[in-house]
Each structure stands twice: as structure tokens, then as C-alpha cells.
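Written below as C-alpha cells is the structure these notes are about.
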Amino acid sequence: MAEVSLKEQLNNAVKDAMRKTDKLKLATLRMAQAAIKQIEIDERRELSDEDVLEVLDKMLKQRRDAASQYDDAGREDLGDKERAEMVYIEEFMPEALTEDDLDGLIRVAISSTDAQGMQDMNRVMKELRPQVLGRVEMGHVSKKVRDALAS
């Protein structure tokens, strides 16, 4: 049996949310579908699962930032809504990486790109990106790569 694409999984989840009348989940997933569709229209191409992961990862980052800002402003109710939306989006993300797994991937990427220092940061990040996308926050990866290259 062929593997179901992320877009199909998203469509099925939207239908399920409709049947269960889960308004927040339905609104969140439709927002994700709209973001994906917008890119497909703008770029006149079908998005791959990796592209869809990038869109969802960006949506998670936006919600993380918004929740933090709402909390800082004393609006926990809105922060909680953003965190609830994150839960629905995270359902489509691959399993998170452990710190040890991430460290191992960074070592392999540095070795395979023959990185010598900070000037090679972009090459290492380009090598790592497909392996870690959606599994760990890219800002964290960037910091760890920078630390590894500096030592």
C-alpha cells in the first residue's frame, strides 16, 4: 500500500475534525491547508512532503512566538489558544530528535562536508536541514552547529 502524503493526512484530519465538530482543530488545519495552497499557487507547483513540513514548521514557530508574546503581555487566554493550535499542527510532524541523536547528526554533517570552521556553517546547515526539519527547532540546531564549529 502506498504511503499517504502529508497533504492527504491533513485533508483526512480536516474531514475528521468536521465530523467531530472540533472548531479550533478545524480552523487550525484549514489555516495550514490555506498556507500550503497559497505556496502552490504562488510557485505553480505541487508541494512535496518536505515542503509541507517546512510550512508546518514555520506555523509552529509563529505560534511559539505568539504564545510567548501573549504570555508576556498577560494574555494567557490567547497564549493557551496558540499552544492548543501547536498541538494540532505537531500531530503531522515527525518524531522529535533527542539531543544525543542531534549531536550525532551534527558530527556526521561536519565530517561529510569537511567543515573547518564558521565559514562552513551554511554547508553544514544545508546538509542537516532535510534530516532535522520538523524534528527539532532550527534555531537550536544552528546554535549547536555554531558551538561545534567554534570548538
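For residue 64, which of the numbered conditions (1) farther than 24 Å from residue 9 by Cβ; (2) at pLDDT 90 or above; (3) under 14 Å from the mean Cα position of the chain (by Cα) fails to hold?
Tallying (1) farther than 24 Å from residue 9 by Cβ; (2) at pLDDT 90 or above; (3) under 14 Å from the mean Cα position of the chain (by Cα), residue 64 fails exactly one: (1).
Out of segment 68-90, which residues are under 18 Å from residue 29 (Cβ atoms) and at pLDDT 95 or above?
If we filter segment 68-90 for residues that are under 18 Å from residue 29 (Cβ atoms), which is where we start, we get 81-90.
Across segment 68-90, the qualifying residues are 81, 82, 83, 84, 85, 86, 87, 88, 89.
Is segment 68-77 home to any residue that is acidic (Asp, Glu), under 18 Å from residue 23 (Cβ atoms) and either surrounded by fewer than 13 Cβ atoms within 10 Å (Cβ to Cβ) or not assigned by TED's automatic domain parsing to the domain that holds residue 38 (or both)? Before the answer, list the steps.
Start the filter on segment 68-77 by keeping residues that are acidic (Asp, Glu), which leaves 71-72, 76-77.
In the following step, the residues that additionally are under 18 Å from residue 23 (Cβ atoms) were identified as 77.
Add one more test, that the residue is either surrounded by fewer than 13 Cβ atoms within 10 Å (Cβ to Cβ) or not assigned by TED's automatic domain parsing to the domain that holds residue 38 (or both), and what stays is 77.
Yes; the residues of segment 68-77 include at least one that is acidic (Asp, Glu), under 18 Å from residue 23 (Cβ atoms) and either surrounded by fewer than 13 Cβ atoms within 10 Å (Cβ to Cβ) or not assigned by TED's automatic domain parsing to the domain that holds residue 38 (or both).
Condition check ((1) of a type in the set (Val, Ile, Thr); (2) part of a helix (DSSP H, G or I); (3) within 20 Å of the chain's Cα centre (by Cα)) across all residues:
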site: 4; (1), (2), (3): yes, no, yes
site: 11; (1), (2), (3): no, yes, yes
site: 14; (1), (2), (3): yes, yes, yes
site: 21; (1), (2), (3): yes, no, no
site: 26; (1), (2), (3): no, yes, yes
site: 29; (1), (2), (3): no, yes, yes
site: 34; (1), (2), (3): no, yes, yes
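Taking interchain pairs and intrachain pairs at least six residues apart, which have beta carbon atoms under 6 angstrom, with the first residue in segment 21-45 and over 16 Å from residue 5 (Cβ atoms) and the second surrounded by fewer than 11 Cβ atoms within 10 Å (Cβ to Cβ) and basic (Lys, Arg)?
Within 6 Å, no pair qualifies.
Of all residues in segment 36-51 being in a helix (DSSP H, G or I) and modelled with pLDDT under 95, which is farthest from the chain's Cα centre (by Cα)? Working first, answer last.
Taking segment 36-51 as the starting set, the residues that turn out to be in a helix (DSSP H, G or I) are 36-43, 49-51.
Imposing the further condition that a residue be modelled with pLDDT under 95 reduces the set to 49-51.
Values: 49: 12, 50: 10, 51: 10 Å.
Checking each candidate, the answer is 49.
Please find, within segment 128-147, the residue that is surrounded by the fewest Cβ atoms within 10 Å (Cβ to Cβ) out of those that are farther than 20 Å from residue 56 by Cα and under 19 Å from the mean Cα position of the chain (by Cα). Before you say what the answer is, go through the steps one by one.
As a first pass, look at segment 128-147 and keep what is farther than 20 Å from residue 56 by Cα: 143-147.
Keeping just the survivors that are under 19 Å from the mean Cα position of the chain (by Cα) gives 143-145.
Numbers: 143: 11, 144: 17, 145: 24.
Checked segment 128-147; the qualifying residue surrounded by the fewest Cβ atoms within 10 Å (Cβ to Cβ) is 143.
The values are calculated or read from the model by the stated rules, or taken from the named source; none is laboratory data. Everything quoted here is computed from the prediction, not taken from an experiment. When we count neighbours, we look across all protein chains shown, and the Cβ atoms used for this are built from the backbone with ideal geometry, even at glycine.
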